Amino acid sequence: VGNDYPIFASDIAKIPKLLKDGIPENKFSTLIDPRGLQLKEAVDEIISWPEATTDIESVMDSTHILCVGFGYRDRSICIVNHSIDAGDFEYGQAIHSILGSSVKKIFQGGIFDTLMLEENGYFTENYYWDTLIGAHVLDPELPLSLAHLTSMYTDIPYFKDMGKSAIPENEKSWNKAVKRNLLYEYNCLDTLADYKVYEYQKKEIETDEDYLRTFNFEMSMLPMLRHLAQSGMLIDQERKAKIRQFLVRKIKDDQLILNSIFGMDVNANSKKMQDKIYGEMGLPMKKKKTGQTTLDEDAIISLIGSVKSKLNECKTEASQFEWLKKLGALTMTLSIRGNRKLLSSYIDPTISLDGRIRSTYHIGPETGRLSSSKYVDGTGNN
């Protein structure tokens with residue numbers, strides 16, 4: 001069981017101890033939102049630590065940071081940004097002092113955090129360890145999230161749903177009464193859990209030459225990936241507008257053909273297309289391995305092949321006409337979907353004010369290749 005289902009085996013192995021001793025009480029010390037003299041003392045404390053896990057919480061699809069947490073062993077401090085617009089001077093000075101210090105910084109997926117911090121003018125010195133990369137080196141085929149790593153390598157009860165409802169969707173909603181303290185507590189737990197994961201990984205990686213070599217190589221890629229993300233690619237706006245115009249016209253023309261085939265307005269992306277193709281047209285149902293009926297791209301391509309074979313066998317014009325209608329419905333559905341995807345994913349994404357499109361790059365897929373997603377401020381695309 002352990003080899004085939006390692007996550008399940010890890011959870012099951014904890015049950016006898018939990019039944020005997022109960023859920024362990026984590027004796028953490030947290031300091032949330034220090035200000036004034038207390039904030040100065042908190043900064044002095046953090047920069048006296050040899051290392052610190054670092055984590056930010058931010059407004060989704062924006063560069064506004066809500067708070068920055070720092071953790072070391074069983075101690076966590078969450079420093080809160082109290083300004084929405086110009087920035088909180090006290091907070092800013094504190095973050096500058098800590099990130100610019102000699103303290104070794106530990107992140108979980110720190111590409112995002114460090115890019116967000118740099119977007120706000122904060123530069124991280126001594127980016128020492130990333131637990132996502134550590135997990136990728138040790139177990140590349142398993143999940144890399146902090147939620148998974150916390151479950152596997154710590155006794156901290158699950159908390160990752162604790163602060164999600166408190167993270168605002170935009171800066172305006174952050175001005176309203178929300179459960180801010182819950183978010184700050186969540187931030188503290190993130191840094192504490194990440195530190196315990198780091199302790200486990202450090203012991204495993206630094207005692208194995210192959211692990212250590214791979215880890216150091218992947219860590220050395222991070223500055224280059226941040227540079228790629230920040231540089232982005234310049235967009236030819238005139239060419240983009242022409243491509244968009246062509247795609248919109250092509251989608252419109254294909255939609256007219258699809259509507260005429262069925263004698264009504266139909267949505268090529270709707271689930272009701274299955275009723276049209278499998279029900280009205282009587283084509284054989286395609287199913288996923290799970291047994292669920294599907295009309296995805298692979299299913300449509302397979303059906304097109306079958307319909308073309310039937311067309312070659314037709315003896316009468318009437319029969320040929322019916323199969324041509326089926327072929328038209330399939331090809332128009334495939335074309336409309338493809339061009340809509342091309343339009344939404346590659347032509348219409350929001351680009352930065354400087355006319356460049358940006359992505360965030362990740363070390364994470366099992367094979368070691370890179371993946372990418374939108375830029376940290378919600379612009380750009382994969």
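The values are calculated or read from the model by the stated rules, or taken from the named source; none is laboratory data. Computed from a prediction, not measured in an experiment: that's the story for all the values here. Here the Cβ positions follow ideal geometry from the backbone for every residue, glycine too, while neighbour counts run over all protein chains shown. Please note that ligands, DNA and RNA were not included when accessible areas were found on the heavy atoms of the full protein model with its side chains. Shrake-Rupley method; radii C 1.70, N 1.55, O 1.52, S 1.80 Å.
Brief remarks on what is shown
- This structure gives semi-axes √(5λ) of the Cα gyration tensor in Å, computed directly, and of (1) 38, 21, 19; (2) 50, 30, 16; (3) 49, 27, 20 that value is listed as (3).
- A crude spin-label estimate for the pair L370 and S352, with each label 7 Å from Cα along the Cβ direction, gives 1.5 nm.
- Inter-centroid distance (Cα atoms) of segment 329-362 relative to segment 91-132, Å: 32 Å
- Full-extension gain in nm, H227 to K202, via 0.36 nm per residue minus C-alpha separation: 6.3 nm
- DSSP loop GluC sites (Glu not before Pro) with at most 14 other Cβ within 10 Å excluded, longest remaining stretch of the chain: 207-365
- Length released on extending from E41 to S260, taking residue separation times 0.36 nm less the Cα-Cα span: 71.5 nm
- The charge dipole of the chain, taken about its Cα centre with unit charges on the Cβ of Lys, Arg, Asp and Glu (plus for the first two, minus for the last two), comes to roughly 1960 debye.
- In the chain, helices alone account for a calculated mean residue ellipticity at 222 nm of -15500 deg cm²/dmol, with every DSSP H run of four or more residues adding -39,500 (n - 2.57).
- Selection from T367, V266, Y346 lying farthest towards where the dipole of segment 255-382 points positive, charges on Cβ: T367
- Other residues lying with their Cβ under 13 Å from the Cβ of E297 contribute a combined charge of +3, Lys and Arg counting +1, Asp and Glu -1.
- Which of L283, L334, L353 is most accessible, then next, and so on - probe 1.4 Å: L353, L334, L283
- Cα-projected label distance for T63 with S83, points at 7 Å along beta-carbon direction, nm: 1.5 nm
- H148 sits with roughly 20 Å² accessible to a 1.4 Å probe, with DNA, RNA and ligands left out of the calculation.
- Efficiency of FRET between Q292 and F321 - r from beta-carbon atoms, R0 22 angstrom, step 0.05: 0.10
- On the basis of the beta-carbon distance and an R0 of 35 Å, L212 and Q237 show a calculated FRET efficiency of 0.15.
- Qualifying lysines (Cα of each under 19 Å from Cα of K288; at least 8 residues distant if same chain): K271, K272, K276
- Here segment 318-382 is assigned +1 on the Cβ of each Lys and Arg and -1 on the Cβ of each Asp and Glu. Its dipole about the Cα centre then comes out at about 160 debye.
- Of the residues I357, G305, T379, the one whose Cα sits farthest toward the positive end of the charge dipole of segment 300-382, with +1 on the Cβ of Lys and Arg and -1 on the Cβ of Asp and Glu, is G305.
- Those lysines that a straight Cα-Cα span of less than 20 Å connects to K40, excepting residues fewer than 8 apart in one chain: K104, K105
- Mean-square fluctuations from a GNM of the chain, with a 10 angstrom spring cutoff on Cα atoms, peak among S145, S335, S270 at S270.
- In the chain the longest region clear of trypsin sites (Lys or Arg not before Pro) that are loop-assigned by DSSP and have at most 10 other C-beta atoms within 10 Å covers 28-175.
- Residues whose amide H lies under 5 Å from that of K374, counting only those 5 or more places away or on a different chain, are T360, N382; hydrogens are built 1.01 Å from N in the peptide plane.
- Solvent-accessible area per residue in segment 251-382 equals 58 Å², computed with a 1.4 angstrom probe and all protein chains kept.
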